[in-house]
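Each remark here refers to the structure printed beneath this line.
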Amino acid sequence: MFDRPVSGERAVLVQLDLNQGMLDERLSEARLLVESAGASVEAVVGGRRARPDPALFAGSGKVEEIAAALQAHEGDLVVFNHALSPGQQRNLERALQCRVVDRTALILDIFALRARSHEGKLQVELAQLDHLSTRLVRGWTHLERQKGGIGLRGPGETQLETDRRLLGIRVKTLKARLAKIGKQREVRRRGRARRDMLSVSIVGYTNAGKSTLFNAMTKAGAYAADQLFATLDTTSRRLYVGDAGNVVLSDTVGFIRDLPHALVAAFQATLEETANADLLLHVVDSASEDRDSQIEAVNKVLTEIGAGEVPQIMVFNKIDLTLAPAAVKRDECGNIGRVFLSARTGDGLGLLRDALAEAARAATSTMNVVADPDTNTD
């Protein structure tokens, strides 16, 4: 009864209104997350609650509604677009007799699918094991015959019966390997710094067009797709910006609201590229109705990783969808604050290149002042 296909799973999505706001946008994003994980959303169960139910999150009446939707649509799993406690997840699985995946596990699962580099795979596994460590005590007897599927990829298939001691050993090993890779990354970063090149990191909400912009600027051929978390591994390229010389441009992982803390911790070494950058290009999907809250979510993560004080240029992408003209806007100090462009069509890319050249010249001027201070005294 519980043998499931690894792909093409049928999901019942649960999105409750807990007064967070932007409910339609949250639901649309949840659909994309489920589809990015390889499942289809067959039914959506909603409802309003003042606060989550301590035992079942959704309450007993709503759980009966979820069960009815499962049966009517022959669902394989239930996805909550909320963070569930281990107890809530265990109780829901017992009540529904199927797999229950929360938002955190869903995002981790997508990261497991997207990871390509050795470092990326180590980081994802560390985050999954951190999430799994609080759930080792629950009963998985009704899932024993499952092989893979959403929420069970990566270590989820092999570590469910591992005790805490062995899990702890594995976590320690992963952290040691990532620390070694982090030291190697630091050596490369210092090498770039010695060459006095401006370090620029592209950041932004997932699917805002960061990799498309990176490819358009550098011709790097980095993977870009209309899907959430298409990029996990940081890619850096030198970019010539005219008389200002070269800058180092880095494409980084996309952010999302309520990004699991385990992921932020596991990707710390990768995210240090962002925290140590001289300038951030904060790419915004200007065609999204939810762009303001997306900007807020990105800035929240930047603060969490120590990059909150790094100077930013806001890059409003996808003007081909909004029909806005390519443009540059400056702040009250005369510095470039916003660039409006389309990474897909190339409209406005020259303006961004000029903005980077201006930033590089300003950085070089500052470094020269520091290196050769005026020592004349009266």
Highest to lowest packing among 304-317, 321-334, scored as the average C-beta count within 10 Å: 304-317, 321-334
Could you rank Thr364, Thr235 by how accessible they are, 1.4 Å probe, largest area first? Thr364, Thr235
Listed peptides 250-257, 355-362 by packing density, highest first (mean Cβ within 10 Å): 250-257, 355-362
Taking the alpha-carbon centre of each part, the distance from region 315-358 to region 54-78 in Å is 47 Å
Can you list the chymotrypsin sites (Phe, Trp or Tyr not before Pro) in region 1-105 that are in a DSSP coil and have 15 or fewer other beta carbons within 10 angstrom? Phe2
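The values are calculated or read from the model by the stated rules, or taken from the named source; none is laboratory data. Bear in mind that the values here come from a model prediction, so they are computed numbers and not experimental data. Here Cβ is always computed from backbone atoms with ideal geometry, including for glycine, and neighbour counts include all displayed protein chains. Note: accessible area is taken over every heavy atom of the protein model, side chains too, but ligands, DNA and RNA are not part of it. Shrake-Rupley method; radii C 1.70, N 1.55, O 1.52, S 1.80 Å.
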